[in-house]
Every structure is written in C-alpha cells, then in structure tokens.
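These notes are about the structure you will find just below.
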Amino acid sequence: MKKIFLILFILVSAGEIISTLMDVPVLHTFCKPSIMIMLGFYYWASQREGREPVSIPLIIAILFSCTGD
C-alpha cells in the first residue's frame with residue numbers, strides 16, 4: 001500500500017509541474033492540495049507497516065497545509 005501512495009504522490013507532483021509549465025489553472029487547482037494529501041497517506045501507510053505510532057499532530061499539520069497558498 002505504501003508503494004501505491006508513493007506512485008500517486010509522484011504522479012500528482014508531476015501534474016503540478018506540468019500545470020505550472022503549461023499554465024493550466026484547473027490542473028493546478030486539483031494537484032496543489034493533492035500533493036499534501038498523498039504525502040499524508042504515504043506517511044500513514046509507512047507508519048502502519050513499521051508498526052510505529054502515527055503522529056496525529058503531523059497528520060493534522062499536513063491536512064491544514066492543504067488550505068495554504
């Protein structure tokens with residue numbers, strides 16, 4: 001599951017770069033917050049596999065960072 005979230009993170013990041021280079025505002029609007037969401041899911045999946053506790057403040061910080069910009 002961790003690998004799936006990493007691939008999605010890379011795809012969304014590539015979409016953000018493409019939206020900036022090609023000036024596509026709709027793609028930017030979708031990809032910008034999705035980067036942080038995918039990062040949060042990747043962190044959560046990484047912590048679950050390692051049997052380490054998930055840092056709730058970190059997850060909250062990642063979710064609130066979606067509203068930034």
Problem set entry | Semi-axis lengths, Å, the range 20-69, gyration tensor of Cα atoms, sqrt of 5 times eigenvalues | 27, 12, 5
Exercise. Can you tell which of Ile18, Ile62, Phe30 lies farthest toward the positive end of the dipole of the chain, using +1 and -1 charges on the Cβ of basic and acidic side chains (Lys, Arg; Asp, Glu)?
Worked result: Ile62
For this session: Output the peptides 46-52, 8-14, 34-40 sorted from most to least packed, where packing is the average of other Cβ atoms within 10 Å over each peptide's residues.
Result: 34-40, 8-14, 46-52
Seminar exercise, completed: Sorted by accessible surface (1.4 Å probe, heavy atoms of the protein chains only), largest first, Cys31, Cys66 come out as Cys66, Cys31
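The values are calculated or read from the model by the stated rules, or taken from the named source; none is laboratory data. Everything numeric in this text was worked out from a predicted model, so none of it was measured. Because the Cβ atoms are built from the backbone with ideal geometry, glycine has one as well, and the counts that use them run over all protein chains shown. Note: areas computed on protein heavy atoms with side chains; ligands, DNA, RNA excluded. Shrake-Rupley method; radii C 1.70, N 1.55, O 1.52, S 1.80 Å.
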